[in-house]
Every structure is written in C-alpha cells, then in structure tokens.
Amino acid sequence: MTNENQGPLSHNGQIAINNLANAAYDTYGDIGTCVICMALKFKGVQIARGIVQGSLTNEYFFKAVIAHFEELGHDASDFKIDWGYMD
C-alpha cells in the first residue's frame with residue numbers, strides 16, 4: 001500500500017523529485033548525447049522534465065526517481081521515460 005502524501009503527484013513527492021534532480025546535477029553535471037524534451041511520466045502524467053540536455057544525466061535522474069518511489073511502494077511499470085529527440 002502506498003501513501004499518496006508521498007506519491008509522485010503530491011507536494012512532498014515533487015519536493016523529493018527536485019532534491020533528486022539537484023543530486024543528479026551535482027554528481028554528473030550535463031553528460032551524454034544532447035537531447036531535448038526528455039520527460040518522466042507517472043500513469044501518463046508528466047512528473048519531471050529533463051534537467052539538462054545530456055541524456056545520461058537525465059536517465060540517471062529519472063531512474064533515481066523511479067527507484068525512490070518504488071521504495072515507497074509504487075510499481076515501476078507505472079513510470080515511463082519519454083526519451084525526447086536529438087537536438
């Protein structure tokens with residue numbers, strides 16, 4: 001059972017996503033192929049956009065978000081990465 005106050009669409013969930021974005025940027029900077037419009041969706045609703053143009057940084061960030069919410073009881077299959085397109 002999941003706590004919706006901690007879900008990806010909640011205020012607390014968005015704070016967690018922002019913290020994960022900052023950690024990803026601090027760790028990796030902007031690395032990877034230049035891609036625009038990358039996004040992460042939860043049950044079809046966009047919950048995060050790419051934080052940089054580098055595909056590797058964004059992929060690390062999105063996977064960290066998915067892992068975080070899996071730990072809170074959400075199913076990874078509810079998340080989908082929209083890979084955007086090359087710039």
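Report, by chain and number, residues whose modeled amide H sits under 5 Å from the one on Ser10, excluding near sequence neighbours (fewer than 5 apart, same chain).
Here the answer is none, since no amide H 5 or more places off falls under 5 Å of that of Ser10.
What is the helix-to-structure angle for 55-71, meaning the angle in degrees between its Cα long axis and the longest Cα principal axis of the chain, kept from 0 to 90 and rounded to the nearest 10?
That works out to roughly 10 degrees.
7 Å from Cα along Cα→Cβ at both His11 and Lys80: what's the point-to-point distance in nm?
About 3.0 nm, to one decimal.
Select from Tyr28, Gln14, Gly84 the residue farthest towards the positive end of the dipole of the chain; place +1 on Cβ of Lys and Arg, -1 on Cβ of Asp and Glu, and compute about the Cα centre.
The one lying farthest along the dipole's positive direction is Gly84.
Rounded to the nearest 20 Debye, what is the dipole magnitude of region 4-86 about its Cα centre when Lys and Arg each give +1 and Asp and Glu each give -1 at the C-beta?
The dipole magnitude comes to about 220 debye.
Quick one: net charge around Phe42, please, counting Lys, Arg +1 and Asp, Glu -1 for every other residue with C-beta under 11 Å from its C-beta.
Values: positive: Lys41, Lys43, Lys80; negative: Asp75, Asp78.
The answer is +1.
For the chain, what log10 I(q)/I(0) values come out of the Debye formula at q = 0.18 1/Å, with one point per alpha carbon and no solvent?
-0.70
What percent do you get for the relative contact order of the chain when only Cα pairs under 8 Å and 6+ apart count?
34
All of the numbers you see were taken from the coordinates with simple rules; none came from a lab. Every value quoted in this text rests on a predicted model; they were computed, and no experiment measured them. Methodologically, a virtual Cβ is constructed for each residue, glycine included, from the backbone with ideal geometry; neighbour enumeration extends over all protein chains shown.
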